[in-house]
Structure formats: C-alpha cells, structure tokens
Amino acid sequence: MDDVKYKRVMLKLSGEALAGEQGFGIYPPKIKTVAEELREVYALGVQIAIVVGGGNIWRGEAGSEMGMERAQADYVGMLATIMNALALQDSLESMGVPTRVQTSIEMRQIAEPYIRRKAVRHLEKDRVVIFAGGTGSPYFSTDTTAALRAAEINADAILMAKNGTDGIYSADPNEDPAAVKFDSLTHLDIINKGLHVMDTTATSLSMENNIPLVVFNFNEPGNVLKVVKGENIGTTVKED
C-alpha cells in the first residue's frame, strides 16, 4: 500500500461504460474488461466503492421530456442503475473479487439495503461495494449519489471515469478545437466557470466535505491504477 495515494476510493462509472461500442444495454465482454481493471486496483489493497449510472438503459430526464412525470421517470432510472450494479457484481465475483451491492430502494431478494455502517464494514473487510438506486429520491443524479456516498464512507477521493475524455476542458474539445485542458482546479472553479463535470449539487457536496475529484479517461487501459497510485493524469479538483 506504500505506492498507493488513495486507499479508499469512490469510482463513478457511467452506464455507457458497460455498454461497449453499441452504446446501449449491457455488453458482457465490456463489463469483463471493466472488472479486470478493477481487479488490478483491488489487488493493491485499495478499498473500492462504486456508483454506476443507468444511462445505457434509461435516462430520467429523457423520459420526462417525452411526457412522463419526472419523479416516475427518475425511479425507472434508479432501477436501471441496479441492473448495471448486479451485472458488474457478477463479473467481479467471477474473478474472485468479493462484492456487495447496496440499494437505496429496498429489494432484499437481490441486494442489501443501503446502511452506511455496514458499507464501511464491507470495505474494511476488503469487499468492493457497489451503491445502486441513486440516492433513493428523484431529481438527484448519480453524480450527487457518488459525492454523497463518498462523504458518508470517508473516501479519500472520487474517481470520475469518463468515456473518451482525458480530463476537464474549458469547452467541449469535440466541438471547440481551441478548448484548453486543465491539469488542476478547485471545486469553486468548476461552479464559477460553469464547467460540465458534475452537477452543481455534487460539486458543492464534494467541496463542503473537502473530497478531491480526479477526472480521467476510462477508455485508456490501466488508468484507474495510475490514478490510485497518484500519477499525474487527467484533471485533479481539490481545494488549495
């Protein structure tokens, strides 16, 4: 553990990270690749908590725009995150990595209900913990869930895994060739500059609890390992 910078991490994965090139649904070969990356980090003795989104299956905002009542649409999205969590759990455990899924919406037949002290105990016993179902309330994103759970379990950092983006830029680099990449920022910089990294609620939570955020390209093999070891990749967000 001497060569590890972050000993307890909150990894935020998008649902699309489990979809592969098809961009939707759950693609088992892609999940296997994700699990292999996590197994390497786990082998270092790092305590890993995960929040995974559900955008590969459903997005509450999209459902709302199509006429669904927003709260109902968000509940559907929460169920999508649980599906992703169970699929990721299966892949991790097939590789010998003990994993627990905790849901903010109780469904005891398939997962534990979220209990903070129990989650911390799992981490202390070297089990990967996947938090599913968002916060359990509509109108809150999985980014906010990641920030909230990171604060609750006293994570050393939030690792924001992005698909194809290697950090935080002044603008969308795919649309603006003049976009500048930031190596480091503060949480307040993100809010003041209106940068689209996490939603404002998640950023404020991270800032108030002084939790560093590392934004990096998840599509580059080995990057999770590099981040936990403290290598200078992506963009680091922390207070001065």
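Before moving on, here are some points about what is shown:
- Average Cα contact separation per residue, the chain, under 8 Å, 6 or more apart, as relative contact order %: 22 percent
- Restricting the range 21-72 to GluC sites (Glu not before Pro) that sit in a DSSP loop and have at most 15 other Cβ atoms within 10 Å of their own Cβ leaves E69.
- Cα-based convex hull, the chain, per residue volume (Å³, whole number): 126 Å³
- Under 29 Å from the Cα of K32 - lysines, other chains or at least 8 residues apart: K5, K7, K12, K118, K125, K162, K226, K229
- Amide H to amide H distances under 5 Å link I130 with I50, R100, V101, Q102, where only residues 5 or more positions off or on other chains count and H is placed in the peptide plane.
- For the range 61-120, the list of trypsin sites (Lys or Arg not before Pro) that fall in a loop by DSSP and count at most 13 other C-beta atoms within 10 angstrom reads R108.
- The smallest convex shape that holds all Cα atoms of the range 3-87, its convex hull, gives 99 Å³ per residue.
- The range 138-232: GluC sites (Glu not before Pro) in DSSP loop, at most 15 other beta carbons within 10 Å: E175, E231
Rule-based calculations on the coordinates, nothing more; no lab input. Remember, it's a predicted structure, so these values are computed and weren't measured experimentally. Reconstructed Cβ throughout: ideal geometry from the backbone, glycine too, with neighbour counts over all protein chains shown.
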